[in-house]
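Readers should treat all values here as calculations from the given coordinates under stated rules, not as data from a laboratory. Keep in mind that this is a model prediction, so the values were computed, not measured. Cβ coordinates were reconstructed from backbone atoms using ideal geometry, including for glycine residues, and neighbour counts include every protein chain displayed.
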Amino acid sequence: MLLSVGRCVLCGVRTVPRRLWDKRCNVITGVGAAVLCQRTLSDTRRPPGLEELIRSDVWNDYLKRVQQWGAGAAGSEGGDQQRASSWRDGEKQGWRTRHILPVIKEIRSKEKELTELQQLLADENEDLKTLANAEVAACLEEILNLKYQIAWLLISRDEVDDCSLILEVTAGVGGQEAMLFTAEIFDMYQHYAAYKNWSFDILEYFRSDLGGVRHASASIGGADAYRHLKYEGGVHRVQRVPKTEKQGRIHTSTMTVAVLPQPSEINLTINPKDLRIETKRASGAGGQHVNTTDSAVRIVHIPTGLVAECQQERSQIKNKETAMKVLRAKLYNIKLEDETNKRQSARKIQVGTKGRSEKIRTYNFTQDRITDHRISKSMHNIEDFMLGDELLDEMIQALSDFDDYESLVEIVSN
Amino acid sequence: MNVAPHMLHRLLTRAALLPHRGIGSARATAENLARQWQKIFQDGGVPEAKESSEILIAHALGAKTFCGLAGHLAGSPVSAGQLDHIETMARERLRRVPVQYIIGEWDFLDLTLQMRPPVFIPRPETEELVGLVLADCPELKQSHEPRILEVGCGSGAVSLALLHKLPQARVVAIDKTKAAVNLTQENAERLHLQNRIQILHHDILSDPAENLLALGPVDVLVSNPPYIFTEDMSALDPEIIRYEDHTALDGGPDGMNVIRAILSLSPLLLKPKGAIFLEGDPRHPDMVCKWLQSHPELQLQLLSVVKDFCSKPRFIHIRRGDQSSWS
């Protein structure tokens, strides 16, 4: 008995972990590619809300449902691996199931081993008990790891997450002060882009008399640019004593940020007849008769009234190309939002129109505090925050974690 | 209030020196300077006062456009050296020197080209001429070594833009002025395109055609020839009439002198089915059409007239017939 158990424990200590390790490797290589391209940082990060969710019954119920669904689908569907990479909505569920099922199986076998190990805890031999205890702990840790792995698989990225985007800032309530704040926010994002090694090309920049900005936009490109900046769309509020204020009163002003994804291939047809292209050269003989330097281009999409402008380049045709890209992004965004609006959602973090009119963040200078109202997170040191590096990044990361958490809750409770 | 224009100009030039030398020095940011010079240009009757002031300041601060300078840069202080540079350039602008000559460069499609008086400054319409050649001759992209001839290359804009877009192509660029030939050469070298371009000092109106024929037939002939009617020359802005080469603008009484020379020679210069792309005055498409009808022996067919971005009939696409004129 002792011998057999001893052998068994020896097995447990030496072979089980190795065998399991090999299996884990299989899981990693099998799903690994997908995991890697999906999450780069998050595999090692464990936001607090997420752990709670993963340990809950809701989570376990969800895994059971997936397992059942997978068992049912396996008979009818067969091998349709070629569609595995597709992200269209209808296939999302199938993709998830296919990639999650192997991990669930892994969890189940781990759980079985756990039960076996727990029986050993009743043994009288103290050494054996200690070994078994350590093994149980390791086993539990591995189960948790596998559950996290499922979480990362489930947090599917938006199709457009990796694409470049157009960031627009517009002064809101508060006159010159709002315009000054708009300029500061625009600078903050310009710095953030530099901090993230993204490109930042200013497309338009309309100044106010006191050095503020009425409206400005920039095209931002780089790794995961949209994934980070999509949470920035909405109304930003500032509370401070404006430079323009002579009696020391605190004012509250606002500005709006819009973040438009700009996928490289937009499936969108624009009829040239719907466009009115405005340049400064519209009158006179043109050609060799005129030498102008104003290369700004403004394009109006007549049916929607949308306007795109570009004055960044000295070449008029280049400005026109950029303005067209901006217009396409705007039209695409309308289409995207129509689709999103169909899926009603109660999430606190909204990307797109619904979020745009909402007050998302307050910059309170008198208290040196920034509060994001969606996640009730407050940070201090506005000056550093507005440098657009670590502090802003921290806020955006917190938003991203919360968004991940909310999307998981949505998935598992459906 | 009646001040003689030249006196007003002198006063304004003097006033122009004040804002940043004295009171303004502490607050000499790009934005403030842009406003100050815009006002001075406006008062001095300089057209595009805002654009001129913004481009000169952006240039002094190392940006192409004021928009590219936006944000924190535009608000930061300007150094004494930069202030001097801006002032020197602004004084020139008050004398109506074109902005492109003052800063010595301008953009044409993807290229930044050197600009030097009196070589003609490319206009935005001509960017469309390049686009038209590329769009209407898709075979240029496929053929092994397409050959293009440009008549009147000026700064080299059209030739170099085509070479940039067509990595297989070779270009012969001719111009009747030495200054243009030199500038095209310089721009070609700066853009590392000099190996595929041959630049000739040649006047199509007076030099012997044999010099061109010796180079062999080409697939495409492109030109933005001087096309302004002589009687319209006097109405041009001071920027153009004072500083740009008149021979690059004046196309004769009907603006057609060089156009006719090109069309007459083209059967010899072009391969069969070769194409001609011309930029012209909005009156020219009809005139060219009539002229071609009275010269059927040239076997040239007007394929299309294309409007520019201001909806003016600006570009003419002509094709040579199948039969070889080479004997």
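Below, the figures for the structure above:
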quantity: Centre separation in Å (Cα based) which lies between the range B:104-120 and the range B:129-208; calculated: 15
quantity: Whole-Hz ³J(HN,Hα) from phi, Karplus 6.51 cos²θ - 1.76 cosθ + 1.60, for the range B:156-162, glycine and proline x; calculated: x, 3, 5, 4, 6, 5, 5
quantity: Cβ-based exposure ranking for A:Glu358, A:Glu113, in which fewest neighbours within 10 Å come first; calculated: A:Glu358, A:Glu113
quantity: Interchain or long-range residues, amide H under 5 Å from B:Leu270's placed H; calculated: B:Val218
quantity: Neighbour-count ranking [beta-carbon atoms within 10 angstrom, fewest first] of A:Thr97, A:Thr115; calculated: A:Thr115, A:Thr97
quantity: Listed peptides B:204-214, B:118-128, B:88-98, B:180-190 by packing density, highest first (mean Cβ within 10 Å); calculated: B:118-128, B:180-190, B:88-98, B:204-214
quantity: Shielding of A:303-316 by partner chains, average beta-carbon count, 10 Å; calculated: 4
quantity: Kirkwood-Stokes translational diffusion coefficient of the range B:197-327, alpha-carbon pairs, 4 °C, 1.567 mPa s, µm²/s; calculated: 83
quantity: Net charge of Cβ neighbours under 13 Å - reference B:Pro138; Lys, Arg +1; Asp, Glu -1; calculated: -1
quantity: Cβ-based charge dipole, chain B, positive-most Cα from B:His192, B:Leu56, B:Gly321; calculated: B:Leu56
quantity: Fewest-first sequence of A:Tyr195, A:Tyr332 by Cβ atoms within 10 Å of each Cβ; calculated: A:Tyr195, A:Tyr332
quantity: Shielding of B:307-317 by partner chains, average beta-carbon count, 10 Å; calculated: 3
quantity: Number of partner chain Cβ atoms within 10 Å, mean per residue of A:328-337; calculated: 0
quantity: Average projection area in nm² (convex hull over Cα atoms of the range B:82-204, one quarter of hull surface); calculated: 8.3
quantity: Euclidean distance of C-alpha centroids, the range B:251-327 and the range A:357-414, integer Å; calculated: 64
quantity: Positive minus negative residues near B:Leu183 (Lys, Arg vs Asp, Glu; Cβ under 10 Å); calculated: 0
quantity: For the range B:106-320: relative contact order, % (alpha-carbon pairs under 8 angstrom, 6 or more apart); calculated: 19
quantity: Those lysines that a straight Cα-Cα span of less than 25 Å connects to B:Lys307, excepting residues fewer than 8 apart in one chain; calculated: A:Lys273, A:Lys280, A:Lys318, A:Lys320, A:Lys325, B:Lys141, B:Lys165, B:Lys273, B:Lys290
quantity: Cα-centre dipole for chain B with unit charges at Cβ (Lys and Arg positive, Asp and Glu negative), debye to 20; calculated: 620
quantity: Per-residue HN-Hα couplings for the range A:165-181 [Karplus 6.51, -1.76, 1.60; θ = phi - 60°; Hz; x = Gly/Pro]; calculated: 8, 10, 9, 10, 10, 9, 5, x, 6, x, x, 4, 4, 4, 5, 5, 5
quantity: Rounded to 10°, Cα long-axis angle of helix B:5-21 versus longest principal axis of chain B; calculated: 60
quantity: Value of relative contact order over the range A:164-405, rounded to a whole percent, pairs C-alpha under 8 Å and six or more apart; calculated: 22
quantity: C-alpha long axis of helix B:178-190 to longest principal axis of chain B, angle in °; calculated: 80
quantity: Trypsin sites (Lys or Arg not before Pro) restricted to the range A:246-277 and DSSP loop, no more than 13 other C-beta within 10 Å; calculated: A:Lys246, A:Arg249
quantity: Mean Cβ neighbour count within 10 Å, used as a protection proxy, ranking B:219-227, A:303-311 highest first; calculated: B:219-227, A:303-311
quantity: Principal-axis tilt of helix B:49-60 within chain B, Cα atoms, nearest 10 degrees; calculated: 90
